[in-house]
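Here's the structure, in structure tokens; my notes come after.
No value in this document is a laboratory result; all are computed from the given coordinates. Bear in mind the structure is a predicted one, so any value in this text is a computation, not a measurement. Heads up, the Cβs are rebuilt from the backbone with ideal geometry, glycines too, and the neighbour counts pull from every protein chain shown.
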Amino acid sequence: VARELGNLPANICTPTYLAEQAVQLGSKHKSLKVQALNEKQMLKLGMGSLLSVGHGSLQESRLIVIEYKGSSKAGSKPYVLVGKGITFDTGGISLKPGAGMDEMKFDMCGAASVIGTMNAVVELQLPINIVAVIAAAENMPSDRATKPGDVVTSMSGQTIEILNTDAEGRLVLCDALTYVERFHPKTVIDVATLTGAAVATFGDYTSALLSNHDPLARELIEIGSHMLDQAWQLPLAEEYQSLLDSNFADIANIGGPRAGTITAACFLSRFTKKYHWAHLDIAGTAWLSGAQKGATGRPVSLLVEYLRRQKA
Ligand code: BES
Ligand code: MN
Ligand code: ZN
């Protein structure tokens, strides 16, 4: 499922299409409750950061929420997955180069892996509660598009100076990460094709892992090697946080040319203080280029095995 969704072209796989896939899955299983928030509902929630990404597109952004209830224990807190669902990433006004831009249809592979994982979870009937949230948008340049220098207010209340509209994944994820606070999660794992720097660092074999809770990181590393779906940790050190300083907002959306995978995770960490959180940057591992061009379905096996090992 994750590979098929990943391979679909962006003229078919839009944010609305992803929402329809989730709703369809929900209608087949009593253990699932699916909701797809539209832009009006997200505006009410104050998701100015997420909405800024899809503003240049005719395709409406969506926040897709899939709740799986497998635990019979009263009040059992859920494990939460969050997926980046950029159905096409042109870069926006900070436009990407033309060569290879077709591959940015894969920029929803985080979302695809989360939907793939939920398919497996319902079939396995895991005895825990899980919430999957997908932040879906299309990143396009237009006369309505967000411009470099624009300042937006996230759902958390923190203001963001958007210095580069191509660093859009973190902008949709931060509002989704604030949204999931309401579920009082046991853990939150976000999955995202977030940085070219992760490809430069790890190639196509290893996903980048950053976390604010070392036991969670260690568990994911162990399961990754067990499942042949390797992830390896980078430091989420305080020392990198100042790279995101802005003169005009609480935080900038880029940290400069160095340590790109780490500064992207530092950005997300400003929105994940209330729970144990791990971030998987799958920019290198979610698809292959060249003659084997296509989605890999990673890291579904890592996520499914992680959930399979958890207790209600
Ligand atoms: N979707 C891309 C990340 C990406 C780039 C994945 C190349 C695979 C290959 C992401 O939205 C992006 O454009 N990131 C920028 C961030 C930069 C502007 C700080 C990047 O990595 O170049
Ligand atoms: Mn981008
Ligand atoms: Zn992107």
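Brief remarks on what is shown
- Relative contact order, whole percent, for the chain stands at 23, derived from Cα pairs under 8 Å and 6 or more residues apart.
- Counting only the Cα atoms, the range 1-147 fills a convex hull of 108 Å³ per residue.
- Estimated vicinal HN-Hα couplings, Hz - the range 267-273 in sequence order (Karplus 6.51, -1.76, 1.60; Gly, Pro = x): 4, 4, 4, 5, 10, 10, 6
- Counted charge near A278, where neighbours are those whose Cβ lies closer than 15 Å (Asp, Glu -1; Lys, Arg +1): -1
- Oblate is the label for the range 155-312. Its Cα gyration tensor axes, ordered a ≥ b ≥ c, give a/c of at least 1.5 and b/c at or above a/b.
- Over the chain: helical MRE at 222 nm, DSSP H runs n ≥ 4 each giving -39500 (n - 2.57), nearest 500: -9500 deg cm²/dmol
- Largest GNM mean-square fluctuation across F106, F183, F88, computed for the chain with C-alpha springs under 10 Å, falls on F183.
- Remark: the range 131-138, residue by residue, has Karplus-estimated 3J(HN,Hα) of 10, 10, 10, 10, 9, 10, 7, 10 Hz, where x stands for each Gly or Pro and the curve is 6.51 cos²θ - 1.76 cosθ + 1.60 at θ = phi - 60°.
- Pairs beyond 32 Å (Cα-Cα), from K28/K311; K28/K147; K69/K273: K28/K147
- Anisotropy class of the chain from Cα gyration tensor, a/c 1.5 cut: rounded
- Rounded to the nearest 20 debye, dipole of the chain from Cβ charges on Lys, Arg, Asp, Glu: 1100 debye
- Potential extension, A99-L124 segment - 0.36 nm per residue separation minus Cα distance: 4.8 nm
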